[in-house]
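Chemist: I have a structure I would like to understand better, so I am pasting it below and will then ask my questions one at a time.
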Amino acid sequence: MKETNDIRPIRSYVLRQGRLTKYQANAVKKFSAAWIIPFEKKPIEWENHFSNQDARKIIEIGFGMGTTTAEIAYQLKDDNFIGIEVHTPGVGNLLNLIMTNELKNLKIIHHDAVEVFESMVEIDSLDAIHIFFPDPWHKKRHNKRRLIQEKFLATIYPAMKKNSYLHIATDWEDYAQWIINTIDQFDGLEIKTREYFIKPSYRPDTKYEKRGVGLGHKVWDILSVKR
Ligand SMILES: C[S@@+](CC[C@H](N)C(=O)[O-])C[C@H]1O[C@@H](n2cnc3c(N)ncnc32)[C@H](O)[C@@H]1O
């Protein structure tokens, strides 16, 4: 009998197989070398991946199909972005958007964001973190899979510079309250405004947001700042 002492970590995602179109597969094959930063247990060398060294450094966690990510990078050309995602079709889709829009300020890490922050993101290095519509895991027994937890904030917090911001958007009221409570109880992050229904101008509607709004959900934009 096989024995193991490994305790499987609780992940915030389930890897869905298949549904990789030819167009996405082709992008992964052709463009990964130039636009994907490989997962490694060493700090990201931003200066080797981006030409503008004075730009703000922004990481987006869980970009899905990447449409919003590409739009933001297109609008904010003076900022440098890294998008992190585990879902291969999304990575292929964003690679195609990077090529079509000739985005030089956006790279991708195709890996679990928790491990990326644990191994690759340096202390005091980021100007902002974006997390748009993280999986709500709304059934009680699945709540433990939610990305936003005290432990997760403790993992990303050291990477944030003083006065940098964390922007989380969700269309699940219960998750919104959970996120607000988790941040309120976390020492070092301060919610910037309690006006959650005002969307910052740089964030276009995302795919998941449109679905939520179609279901009659309201959208919370929760912005906090590192003190
Ligand atoms: C509900 S979708 C939202 C996608 C996109 N932000 C949007 O609004 O359309 C959440 C995404 O987060 C990704 N995700 C969840 N946990 C992750 C993790 N630990 N690391 C990287 N990606 C993750 C999932 O694969 C999924 O694509």
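Chemist: Can you find a residue that is open to solvent by 30 Å² or more (accessible area, probe 1.4 Å), modelled with pLDDT of 95 or more and either polar (S, T, N, Q) or within 13 Å of the ligand (Cβ to nearest atom) (or both) anywhere in region 125-134?
Modeler: No; the residues of region 125-134 include none that is open to solvent by 30 Å² or more (accessible area, probe 1.4 Å), modelled with pLDDT of 95 or more and either polar (S, T, N, Q) or within 13 Å of the ligand (Cβ to nearest atom) (or both).
Chemist: On to the next question. Restricting the search to region 32-42, which residues are open to solvent by less than 40 Å² (accessible area, probe 1.4 Å) and in a helix (DSSP H, G or I)?
Modeler: Across region 32-42, the qualifying residue is only Ser32.
Chemist: Quick one: Val116 ticks every box in (1) in contact with a Gly (Cβ under 8 Å, 6 or more places away or on another chain); (2) open to solvent by less than 10 Å² (accessible area, probe 1.4 Å); (3) more than 20 Å from Gln53 (Cβ to Cβ); (4) not charged (D, E, K, R) except a single one, so which number is it?
Modeler: Of everything listed in (1) in contact with a Gly (Cβ under 8 Å, 6 or more places away or on another chain); (2) open to solvent by less than 10 Å² (accessible area, probe 1.4 Å); (3) more than 20 Å from Gln53 (Cβ to Cβ); (4) not charged (D, E, K, R), Val116 misses just condition (1).
The values are calculated or read from the model by the stated rules, or taken from the named source; none is laboratory data. This is a predicted model, so every value here is computed, not measured. Methodologically, a virtual Cβ is constructed for each residue, glycine included, from the backbone with ideal geometry; neighbour enumeration extends over all protein chains shown. Ligands, DNA and RNA are excluded from the accessible area calculation, which covers all protein heavy atoms including side chains. Shrake-Rupley method; radii C 1.70, N 1.55, O 1.52, S 1.80 Å.
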